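Peer 1: Encoded as structure tokens, here's the structure I'll be asking about.
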Amino acid sequence: MGYTAGEDACGPSIRPAVAAVISNMRIIIATIVVFLISSASFAQERPHTLTGDIRVHKNFHSKILTNDRDVLVYLPPSYEAQKKERYPVFYLNDGQNLFDGGTSFIPEQEWRVDETAEALIKSGQVRPLKSGTKLSQKTNRSIN
């Protein structure tokens, strides 16, 4: 008996397996598309959300960690006029997330340390302070 158009050469038992493979391929393709779209949006330049006077010290060398990292320093509004003043320093970790939605791990989700410090200092609730942090070694996002 020869093959004729419309007949299934594999027989009925193979149809569910083929359908499952096609379904899995659709899921894999959809996953790849979502990954590519999200990777492209993550890699795009994100807007910076810095508030106040934040200084970047590029490639600051640590003798203890034996590597170079960018260090960010928030300076209070009065700093330029009163450079000789001694300010308390508030050290924080997780630098890429503290000041800037453009460098944060989760796009545009920063801790708002700079905005909070500015508001508290201007309202007199805290005395002017400096805040310093280092960027994670793994981040490739940069302020400048």
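The values are calculated or read from the model by the stated rules, or taken from the named source; none is laboratory data. These numbers come from a predicted model, not from an experiment. Reconstructed Cβ throughout: ideal geometry from the backbone, glycine too, with neighbour counts over all protein chains shown.
Peer 1: Quickly run through segment 83-126 and pick out the residues that are among the aromatic types (F, W, Y) and exposed (fewer than 11 other Cβ atoms within 10 Å of the Cβ).
Peer 2: Here is the first cut: in segment 83-126, the ones among the aromatic types (F, W, Y) are 87, 90-91, 99, 105, 111.
Correct list: Y91 only.
Peer 1: Can you tell which of L120, L98 is under 15 Å from T49 (Cα atoms), of a type in the set (A, V, I, L, M) and modelled with pLDDT of 85 or more?
Peer 2: L98
Quick grid of which residues meet (1) in contact with a strand residue (DSSP E or B) (Cβ under 9 Å, 6 or more places away or on another chain); (2) without any contact (Cβ under 8 Å) to a residue 40 or more places away in the chain; (3) of a type in the set (G, A, S):
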position	(1), (2), (3)
L98	yes, yes, no
I106	no, yes, no
E110	no, no, no
V113	yes, yes, no
T116	no, yes, no
I121	no, no, no
Q125	no, yes, no
T133	yes, no, no
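Conditions (1) of a type in the set (V, I, T); (2) modelled with pLDDT under 75; (3) not assigned by TED's automatic domain parsing to the domain that holds P107, marked per residue:
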{"residue": "G6", "(1), (2), (3)": "no, yes, yes"}
{"residue": "A17", "(1), (2), (3)": "no, yes, yes"}
{"residue": "R26", "(1), (2), (3)": "no, no, yes"}
{"residue": "A30", "(1), (2), (3)": "no, no, yes"}
{"residue": "V33", "(1), (2), (3)": "yes, no, yes"}
{"residue": "L36", "(1), (2), (3)": "no, yes, yes"}
{"residue": "S39", "(1), (2), (3)": "no, yes, yes"}
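Peer 1: Based on what the data block shows, is N144 outside the structural domain of P77 (by TED's automatic domain parsing) and modelled with pLDDT under 85? Step through it out loud before you land on a result.
Peer 2: On the way: outside the structural domain of P77 (by TED's automatic domain parsing): yes; modelled with pLDDT under 85: yes.
Judged against the criteria, N144 is a match.
Peer 1: So which residues in segment 53-100 are part of a loop (DSSP other than H, G, I, E, B), within 20 Å of R112 (Cα to Cα) and of a type in the set (D, E)?
Peer 2: Across segment 53-100, the qualifying residues are D94, D100.
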